[in-house]
Amino acid sequence: MSKEETKTGRSQFVTKIGVIAATVGSAVGLGNIWRFPYEVGTHGGGAFLICYLFFIIAIGVPLLCAESAVGRRSRSNVVDAYRKLSGSNKWKPMGYLAVLTAIVILGFYCVVSGWTMEYMYQSVAGNLHYSSQPEYAAMFSKFIGSDIRPIVWTLIFLAINFRILIKGVEKGIEKMSNIMMPLLFLILIAFCINSLMMPGAQEGLKFMFTPDFSKITPAVLLSALGQAFFSLSIGMGCVLTYGSYFSDSTNLPKTAGIIAVCDTLVAILAGLMIFPAVFTFGGTPAAGPTLVFEVLPAIFNHLPLGSLWASLFFLLLFIASLTSSISMFEIGIAFFTEKFKIRRIVATSIITGITAILAVFCSLSFGSMSTFTIFGKNMFDLSDYVSSNIFMPIGGLGIAIFTGWVVNKQFLKNQLSNNGSHHFAGENLIIFSLRFLSPAAIVLIFLNSLGII
Ligand code: PHE
């Protein structure tokens, strides 16, 4: 991040584009290209998409505003932010939950990033050539089931994060992502056009855009809510931490809008690229977390210069996941360094160490620990499910209640309009969502999916 020290000794983003690059960089990642298609695929296609879009607009955007407002006003890490603005320690557990959520997500996120690196390597080596989709699926399950190899990639990914985080070379990352993210966007468009010309395009589009309302169950609603939180990086202090580096002139609602639009576009493009191919090559949309890795190589293989396209795509996906993982690490690092007054390198080492242990277990979930389950889920699925469908919605509920009811009423108005320096027409809608709609929706969906109501 192009941050610079302010009078108070805290970093701040220097440029407007720095704010957008970092927050969009955090939002756009594996959540859009890996998780979104598999969630749409397992939860009934169009029905899931409609719920997802509704949650992004009605809950996601207001929460983006609320989190960045709390971060900027408090200029603190996630735990102290709650304490500073409420003047009491009662809200601190919400901050601790956020730090925990970040680490749980990192545990499986780094594993999937490792998969991306393996595929980058295999495409550069020109090894991703099979003749049918089941062969790609078999190759992938052999790889993730092989224990050591995926763990090595995961650890390499963690080492790269570690180096970036301690050296403070985020500037380099930011510059790189300024070029790579638009490139990812362009290449996605090109792949979509290619997919839309495949024989299975119509079926793919039908699956993604024709909602079968009978498929909207409490579980689908909860997953769509969880995906909206995961994809926008909300409900776990990430936007709050980045918000604490925003300048006083950053336009919060506008920034929230840009994040939501970019993030949703990338997710939809990923779906448009994957589903026509799924129906063309005879895969199943409900394959789960392995879906994208089974389908993508088949798409590239059908293109002239396939290995080149594949290498470029996996490189861009790797960069996208790196900008997201760095934002997750930043939550814990900001907290540990400010709270315990330890050096950045120590904080980074502690968090990377904990993440590495968790990641090894998540990775082994597809190999020798595949039979080890808790509540019927292996460690990977459990971390994925618990973070998105439980921790993040609770975090989001906390932020909504905190900004809607606990801090004084003027707080949001001042933050949304930069103390009245610009007029924002949707102010009352955002406040309405934070006070009533978001808390009610989150609580209802929760209770409903637990079978309580
Ligand atoms: N939003 C990121 C993605 O889509 C993941 C993420 C979640 C990043 C939570 C930060 C915080 O890949």
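Some points to look at:
- Entry note, segment 1-134: relative contact order of 11 percent, from Cα contacts under 8 Å with a spacing of 6+ residues.
- Normalising the average separation of contacting C-alpha pairs (under 8 angstrom, six or more residues apart) by the number of residues puts the relative contact order of segment 386-453 at 36 percent.
- Whether segment 241-397 is rounded, prolate or oblate, judged on the alpha carbon gyration tensor where a/c under 1.5 counts as rounded: oblate
- Using θ = phi - 60° and Karplus 6.51 cos²θ - 1.76 cosθ + 1.60, couplings along segment 62-68 (whole Hz; Gly, Pro as x): x, 5, 4, 4, 5, 5, 5
- For Gln12, the amide hydrogen comes within under 5 Å of the amide hydrogens of Glu4, Glu5, Thr6, counting only partners 5 or more places away or on other chains and with H modelled in the peptide plane.
- In loop segments of segment 364-453 as defined by DSSP, the chymotrypsin sites (Phe, Trp or Tyr not before Pro) with at most 15 further C-beta atoms inside 10 Å of their C-beta are Phe372, Phe375.
- Whole-Hz ³J(HN,Hα) from phi, Karplus 6.51 cos²θ - 1.76 cosθ + 1.60, for segment 444-451, glycine and proline x: 4, 5, 4, 4, 5, 6, 7, x
- Across segment 271-352, Cα-Cα distances exceeding 22 Å account for 49% of all pairs.
- For the pair Thr290 and Ile156, a Förster radius of 25 Å applied to the C-beta separation gives a FRET efficiency near 0.75, rounded to the nearest 0.05.
- In the chain, the longest principal axis of the Cα atoms and the axis of helix 344-364 are about 40 degrees apart.
- For segment 235-279, projected area of the alpha-carbon convex hull averaged over all directions, nm²: 4.2
- Helix 148-167 vs. the chain, principal-axis angle (Cα, 0 to 90°, nearest 10): 30
- Distance between the 7 Å Cα→Cβ label points at Phe185 and Ile50: 2.9 nm.
- All-pairs Cα distance distribution in segment 197-314, expressed in whole percent, bin size 5 Å: 2, 9, 14, 18, 17, 14, 11, 9, 6, 2, 0
- Normalising the average separation of contacting C-alpha pairs (under 8 angstrom, six or more residues apart) by the number of residues puts the relative contact order of segment 298-390 at 13 percent.
- Against the compact-protein benchmark of 2.2 N^0.38 Å, the Cα-based radius of gyration of segment 52-193 scales to 1.40.
- Helical runs (DSSP H, four residues minimum) scored at -39500 (n - 2.57) apiece and divided by the length of the chain put the mean residue ellipticity at 222 nm at -22500 deg cm²/dmol.
- The string of couplings for segment 97-113 from the Karplus curve (6.51, -1.76, 1.60, θ = phi - 60°) is 4, 4, 5, 4, 4, 4, 5, 5, 5, 4, x, 8, 4, 5, 5, 5, 4 Hz, one whole number per residue in order, with x for Gly and Pro.
- Given charges at beta-carbon only (K, R positive; D, E negative), |dipole| of the chain in Debye: 1540
- Sorted from longest to shortest, the spans of the Cα atoms of the chain along the three principal axes equal 62, 48, 41 Å.
Just so you know, all these numbers are worked out from the coordinates, no wet-lab data involved. Please read all numbers here as calculations on a predicted model, not as lab measurements. Every residue, glycine among them, receives a Cβ derived from its backbone with ideal geometry; neighbour counts consider all protein chains shown.
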